[in-house]
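The values are calculated or read from the model by the stated rules, or taken from the named source; none is laboratory data. Note that the structure is predicted; figures quoted are calculated from it, not measured. Glycine also receives a Cβ, built like all others from the backbone with ideal geometry; neighbour counts cover every protein chain displayed. Ligands, DNA and RNA are stripped out before the accessible areas are found, and what is left, the full protein with its side chains, is counted by its heavy atoms. Shrake-Rupley method; radii C 1.70, N 1.55, O 1.52, S 1.80 Å.
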Amino acid sequence: MNRNTWTVNEAHAWDLSVPKSQTRREVEFLAWSFTTFADRKVKKVLDLACGTGRLALALAEKGYDITGIDRFPKTLERARENAEKRSLRLKLVRTSLQEINVEGPFDAAYCVQALYYLSNEEELSNALTKIQFIIRPGGILIIDTGNFMSIFGIFQRVRKMQARGKDWWVKRTVIHKIDDVNNLCYHTEHNIMKVNGRIHKWRETHVLRMWTFPELRVQLANHGFTKIHLFGQQKARTKEATDHAPRLVLVATRSRNKNPP
């Protein structure tokens, strides 16, 4: 069993399964956030846990200078291949959210569907300290993470999902086990993928921290971020979330103070 490990099959399945419409919507939200909430012009951007480069490449096509970090070599390998196919330049660095060993500074950073791999307050605090250090004053940090509270009442221990295209399909059976003392979700996937006539099977377990908005808001404020906005999805020009948020999408501005409060 692999825990918090992305295999070559998972990287390929992710590329195939995420709808292009979702990528377009999320990139539009990121670009809108850069111009709406940053107190400086955004050119140099850090993708925290870039995966196969889905968002990084789309932003690079818009003219942003993108650096992507990820801890898994197979996803970075896939990102490099994707960049070469599209004749785009990405700077890719192998490092984790716990380490964030990358040279800045940056005008903005974003972390989409990865913050839940920071499993406790100490890991989150250490990551935000490093992020605050490499974002220029007036720059912004965008976080998109799961809102586990939003599925309260409709929680399914076992879920079956599938996606398909012209010459491929991916089928997943996902089993959830909740640690309600430490706010952790054990997300185990049993996957089958058919691509170009070949069948691939694999199993992965990801341990996800179920962060809440109040927890994240306090941590951001304690690490030098102000003007913290919450949205329920990545959709440009949408209203801020007040009492319902399918996802936790936070946009925060790096304080112009030299040191965080």
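A Cβ distance below 7 Å, combined with a sequence gap of six or more or placement on separate chains, defines the contacts here; from region 135-155, residues that are farther than 23 Å from residue 236 by Cα reach residues that are among the acidic types (Asp, Glu) in the pairs 136/107. From the list 68, 63, the one residue that fits, being modelled with pLDDT of 95 or more and in a strand (DSSP E or B), is 68. The set of residues in region 1-26 that are open to solvent by 30 Å² or more (accessible area, probe 1.4 Å), at pLDDT 85 or above and among the acidic types (Asp, Glu) is empty. Scanning region 105-157 for residues that are within 15 Å of residue 69 (Cα to Cα) and open to solvent by 30 Å² or more (accessible area, probe 1.4 Å), we see that the one that is nearest to the chain's Cα centre (by Cα) is 113. Of the candidates 212, 226, the single residue that is under 15 Å from residue 120 (Cα atoms) and surrounded by fewer than 16 Cβ atoms within 10 Å (Cβ to Cβ) is 212.
Please go through region 27-61 and give me each residue that is open to solvent by 10 Å² or more (accessible area, probe 1.4 Å), touching a residue at least 40 places away in the same chain (Cβ under 8 Å) and among the charged types (D, E, K, R), ordered by number. Residues satisfying the conditions are 28, 39, 40, 41, 43, 44, 54. If we scan region 231-239, do we find a residue that is in a strand (DSSP E or B) and modelled with pLDDT of 95 or more? There is at least one residue in region 231-239 that is in a strand (DSSP E or B) and modelled with pLDDT of 95 or more. Give me the pairs: first residue in region 1-22 and under 18 Å from residue 59 (Cβ atoms), second residue buried (at least 18 other Cβ atoms within 10 Å of the Cβ) and at pLDDT 80 or above, beta-carbon distance under 7 Å, and six or more apart or on different chains, which are they? The qualifying pairs are 14/51; 14/52; 15/52; 15/78; 18/54.
Tell me which residues, restricted to region 158-186, are open to solvent by 90 Å² or more (accessible area, probe 1.4 Å) and either of a type in the set (A, V, I, L, M, F, W, C) or within 25 Å of residue 13 (Cα to Cα) (or both). Correct list: 159, 160, 162, 164, 166, 177, 181. If the condition is being within 20 Å of residue 13 (Cβ to Cβ), open to solvent by 40 Å² or more (accessible area, probe 1.4 Å) and not acidic (Asp, Glu), then region 62-85 contributes 71, 73, 74, 78, 80, 85.
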